[in-house]
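> One structure, pasted below without further comment.
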Amino acid sequence: MGKPKKRYVCQECGSLTHRWQGQCPDCGEWNTLVEEVPATVFSLKHDLSSGGRAVEFVALDAPLPPLTRRTTGLAEFDRALGGGLVPGSAILMGGDPGIGKSTLLLQAAAAVARTGGRAVYISGEEAAAQIRLRAGRLGAADAPIQLAAATSVRDILTTLGQMEPPALLVIDSIQTMHSDTIEGAPGTVSQVRGCAFELIRYAKENSVALVLVGHVTKDGSIAGPRVLEHMVDVVMSFEGERSHQYRILRGVKNRFGPVDEIGVFAMAGAGLEEVGNPSLLFLSGREEAIAGSAVFPALEGTRPVLVEVQALIVRLQSGATPRRAVVGWDSGRLAMLLAVLEARCGLNFSSAEVYLNVAGGYRLVDPAADLAVAAALVSALADRSLPDKSVWFGEISLAGEIRPVAHAALRLREAAKLGYTSGYGPADSGSGSPDFNYRELKVIGNLVDRVVATQ
Ligand code: TYD
Ligand code: MG
């Protein structure tokens, strides 16, 4: 029998090589390749096909216990979770520092505690006095939350083991936790993973809804949320521009529900306020139309949101490289649109600076935004405003065609409801309502004709 070959497994991505290297050839991490114990003589002689216990197979249609959810009383939070907290589930909440994660979770814990559920809030970042101050500001100081500042997972689990399991357990944040059974400082991959594993096991065994706060840094270098995403049932991201008031809670992964619903909040003096009807939130509120501004009927899950897209074009006299700056949209997508406008319509942006902004700190992810962005760009370039009270939507292909998008009728209905009188978009989208003027655009050239012809 030949000598068993050595195998090295990357501790980061799991890839397998037969030669040791300092850097993993797959994920590029350094010093992560570890030799896997070679098959021993024993295991070469004995295979694994007998001696174990038989596992039981289950039928897919076997009766299921109903999935019970606990509503927290924070309607927007519940909506983003897909209807409320599922007992025994683990939720990871990511978001930039200072965006309001601790505030949101303290409010959710207070809401649960007020409706008779037990809520435990463990902070590894702030002292208890600081959190009590915040609770006072939120008007939640009287809520019967069980609050503690702790970072040792052993201490936390020992304490929890001595009491009745709570309905909601918040750990703020997982990067600050440490387990004495694992080597390394808090925040390292092994610590984060190990601590999360212990806490998730406790949550599953005791039907506790667990929320782990996870920090994300710009370059994603902190070992945290990424490695945890596989371990948890739900991944939420709390987003927004810190300089703006609005915050959006978005599902990224959800084993118990859809991920396209969002929760909308506004950060105010007394914490996060729920915004039940966000459709008008991101409009600038200006009455008359101006050049370079287009309204886009975006769709967030089942909720339409009207958003204003603003473009500014500045012609450069010198031969300097012009800037392109984007806030709230994908810059790669902007480059693509500019190229399509140039190639298909002969519009020249190459010697002009292009600035694109989505009003209100909103971040557009809906691909149907292409046409609204193109309309804003063409309008800015021509220095002509788009038709008054109009909305624009549709995906633009590289060939310059305007392609159909999902839920056109829903977008148009919302626009009509809010006093918009005309819509421009792909063919076969229905017309919304009878007094609403819907114009079909087939190719991007139609848009240019339309804008130039409106005056
Ligand atoms: P915080 O919840 O501490 O953010 P995170 O946990 O995500 O780091 O929120 C911090 C910001 O929220 C801080 O800049 C102040 C602001 N804030 C308000 O505007 N109003 C409030 O009532 C509270 C509690 C915070
Ligand atoms: Mg915090």
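Every read-out reported here was derived from the displayed coordinates using simple, explicitly stated rules and does not represent laboratory data. Please read these numbers as outputs of a predicted model, since none were measured by experiment. With ideal geometry, Cβ positions are generated from the backbone for all residues, glycine too; neighbour counts draw on all protein chains shown.
> List the trypsin sites (Lys or Arg not before Pro) within the range 279-357 that DSSP assigns to loop and that have no more than 16 neighbouring Cβ atoms inside 10 Å.
Loop-located and lightly packed - Arg286, Arg323.
> Same structure, new question: Using Cβ-Cβ distances only, list the Cys residues of the chain with no partner cysteine under 4.7 Å, sorted by number.
By the Cβ distance rule, which asks for a partner under 4.7 Å, the isolated cysteines are Cys195, Cys345.
> Can you give the longest stretch of the chain with no exposed loop site, where a site means GluC sites (Glu not before Pro) in a DSSP loop (not H, G, I, E or B) with at most 10 other C-beta atoms within 10 Å? Walk me through the numbers on the way to the answer.
Working: sites that count: Glu56, Glu183, Glu287, Glu288.
That gives 289-455 as the longest site-free run.
> R0 = 30 Å: FRET efficiency of Glu56 with Val259, Cβ-based, nearest 0.05?
The value I calculate is 0.45.
> Something else: Over the chain, what portion of Cα pair distances is larger than 36 Å, expressed as a whole percent?
Beyond 36 Å sits 45 percent of the P(r) for the chain.
> I would also like to ask the following. Can you sort Cys345, Cys195, Cys24 from fewest to most other Cβ atoms within 10 Å of each residue's own Cβ?
The most exposed by this proxy come first: Cys345, Cys24, Cys195.
> For the chain, what is the charge dipole size about the Cα centre, in debye to the nearest 20, if Lys and Arg each add +1 at the Cβ and Asp and Glu each add -1 at the Cβ? Walk me through the numbers on the way to the answer.
Working: 44 positive and 48 negative charges, 82 e Å.
Roughly 400 debye, rounded to the nearest 20.
> Follow-up. Place a label point 7 angstrom from the Cα of Ala150 along the Cα-to-Cβ direction, then list the residues of the range 91-125 whose backbone nitrogen is under 18 Å away.
Within reach of a label on Ala150: 118-125.
> Please work out, to two decimal places, the log10 of the ratio I(q)/I(0) at q = 0.11, 0.12, 0.18, 0.19 Å⁻¹ from a Debye calculation in which every Cα of the range 78-211 carries one identical scatterer.
The calculated log intensity ratios at q = 0.11, 0.12, 0.18, 0.19 Å⁻¹ are -0.36, -0.43, -1.03, -1.15.
> Under the Karplus relation 6.51 cos²θ - 1.76 cosθ + 1.60, θ = phi - 60°, what is the ordered set of whole-Hz ³J(HN,Hα) values for the range 103-119, x standing for Gly and Pro?
Each residue's phi maps through the Karplus curve to give 4, 4, 6, 5, 5, 5, 5, 5, 5, 5, 5, 5, 9, x, x, 8, 10 Hz.
> To the nearest whole percent, what portion of all C-alpha pairs in the range 50-106 is separated by more than 18 angstrom? It would help to have the intermediate numbers written out before the result.
Details: 913 of 1596 pairs.
I get 57 percent for the Cα pairs in the range 50-106 exceeding 18 Å.
> Hey, another quick one. Mind jotting down a quarter of the surface of the convex hull over the alpha carbons of the range 361-449, in square nanometres, one decimal? Don't skip to the end; give the middle numbers.
Values: hull surface 24.2 nm².
The Cα convex hull of the range 361-449, projected and averaged over all directions, gives 6.0 nm².
> By count of other Cβ within 10 Å, fewest leading, how are Leu81, Leu356, Leu398 ordered?
Neighbour counts put them in this order, fewest first: Leu398, Leu356, Leu81.
> Which ordering of Met231, Met267, Met177, Met163 is given by a fewest-first count of other beta-carbon atoms within 10 Å? Display every interim value, and only then the final one.
On the way: Met231 15, Met267 18, Met177 25, Met163 10.
The most exposed by this proxy come first: Met163, Met231, Met267, Met177.
> Moving on to the next point. Under 5 Å between amide H atoms, partner at least 5 residues away or on a different chain: which partners does Leu299 have, H built in plane at 1.01 Å?
So Leu299 has HN proximity to Val305.
> From the helices alone, meaning DSSP H stretches of at least four residues, give me the mean residue ellipticity at 222 nm for the chain, per-run term -39500 (n - 2.57), in deg cm²/dmol to the nearest 500. Before the final figure, lay out each step's value.
On the way: 11 runs with 115 residues, N = 455.
Mean residue ellipticity, 222 nm, calculated: -7500 deg cm²/dmol.
> Then there's this: Nearest 10 degrees, 0 to 90: what angle lies between the long axis of helix 331-345 and the longest principal axis of the chain (Cα atoms)?
The answer is roughly 30 degrees.
> A follow-up question, please. For the range 250-384, report the translational diffusion coefficient in µm²/s to the nearest whole number, using Stokes-Einstein at 37 °C, 0.692 mPa s, and a Kirkwood Rh over Cα pairs.
Values: Rh = 16.4 Å.
Translational diffusion coefficient: 200 µm²/s.
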